[in-house]
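Q: Quick one: structure below, then a few questions.
The values are calculated or read from the model by the stated rules, or taken from the named source; none is laboratory data. Given the structure is predicted, the values throughout are model-derived calculations rather than measurements. In this analysis, Cβ positions are derived from the backbone assuming ideal geometry, glycine residues included, and neighbour counts consider all displayed protein chains. What goes into the accessible areas is simple: the full protein's heavy atoms, side chains included, and nothing from ligands, DNA or RNA. Shrake-Rupley method; radii C 1.70, N 1.55, O 1.52, S 1.80 Å.
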Amino acid sequence: MGRGIKAAAIFAAVLGIAAAVLLGLFRIQSIDIKGNERYSSEQIRDDLIYDFMTRNTLYFSWKYRTKGPAEDAPYLASVQATMLTPTAIRLDVTENQLVGRLQYQDSNVYYDNTGVVQEISDTVYEGIPLVTGIEIEEPQIYQRLTMDNTSTLRTMLNITQLLIQSDLIPDSVSFDSSGNMTLRLGSVTVKLGQDEYLEEKIANLVTIYPQIAGQDGTLNMEGFTGKNEAITFKTKDPEPEVPEGESEADSSGSLAGVGSGTVASDGTGEEEGAAQEEQPAEEVSSGTPFMVFDSSGTLRYDAHVVNGQVVDGYGNLIDGCSVDENGNVVDAYWNVIDPNTGQLAQ
């Protein structure tokens, strides 16, 4: 019995010495943090390394051995640690994505795609859309936004996430009392209407916007479903010349949505005049450009009918398009378009 106790004591002492050596040698002295943008390395380090155990490189690298969230740093979507030496750790982090910004009193309230508040500060980050017209209760950091209308919250999360994913960041996203949405992109106003066919609206807006960027006007997408309907872009004349008896100083153009692709007309009429000057009037059956799909599935914005053939703005034939016996254009997707109006033929 005496020998057994002595052996056990020796074994315990050896374990104690080994543990002391391990705990003493494996201490984090340097940590290299990668992937952080909004949050400083110092803040992340202090939030994750805070007691005797988390200062141990073996324990720390074991705790964060697989990529995942860190409850001590809720602003991080994932954390993964790699032990480089007994005293050095590399930490790869991913911050929670911010998809929108609200203003509450004098502060900016940033939220993620689940509606959880990630930051309340005076900082304005580029690339995060501002949402107005939404009334929220007092926000709490790392808590979900609360408002009276949960469907409006869902719509707000949906639209801001779609905009971020599409890399189309407006100056603001405004909601009215009925839930209608309006985007401001510089001098362009986009009326999206209700939360119906929102993905289709944003996808088509991404295609349309380069054609109207920089112009001063309103794009009406309220009734758009991604099918065959017209989208109107109404421009403002910067130096209007109002004819006698008229009071409107703006112009509008309308082009039919074809399939899932839609373009807008600037409504100025300049392209029509140019086409008529370049080509004899008797050869042109359609002076106003309209859109068609060609045989490769590409949406062409400058189609005309010349001598019974569908051509682009340079007079080149557009493959896959033809003119039927009624003078209407049939494109590669079998859309029938009135070339005089740009609308789908009835």
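Q: Not counting ligands, DNA or RNA, and with a 1.4 Å probe, what is residue 174's accessible surface area in Å² rounded to the nearest 10?
A: For residue 174, solvent-accessible area is about 40 Å².
Q: Dipole magnitude of segment 92-183 about its Cα centre, charges +1 at Lys/Arg Cβ and -1 at Asp/Glu Cβ only, in debye to the nearest 20?
A: My answer is approximately 300 debye.
Q: What ranking of 135, 42 comes out by heavy-atom accessible area, probe 1.4 Å, highest first?
A: 135, 42
Q: Could you please report the charge total around residue 332, scoring K, R as +1 and D, E as -1 over all other residues with beta-carbon less than 15 angstrom from its beta-carbon?
A: It works out to a net charge of -4.
Q: Here's a follow-up. Go through 301, 333, 209 and list them by solvent-accessible area, largest first, probe radius 1.4 Å.
A: Largest accessible area first, the residues go 333, 301, 209.
Q: Could you tell me the distance between the Cα centroids of segment 302-322 and segment 182-220, to the nearest Å?
A: Using only Cα atoms, the two centres lie 28 Å from each other.
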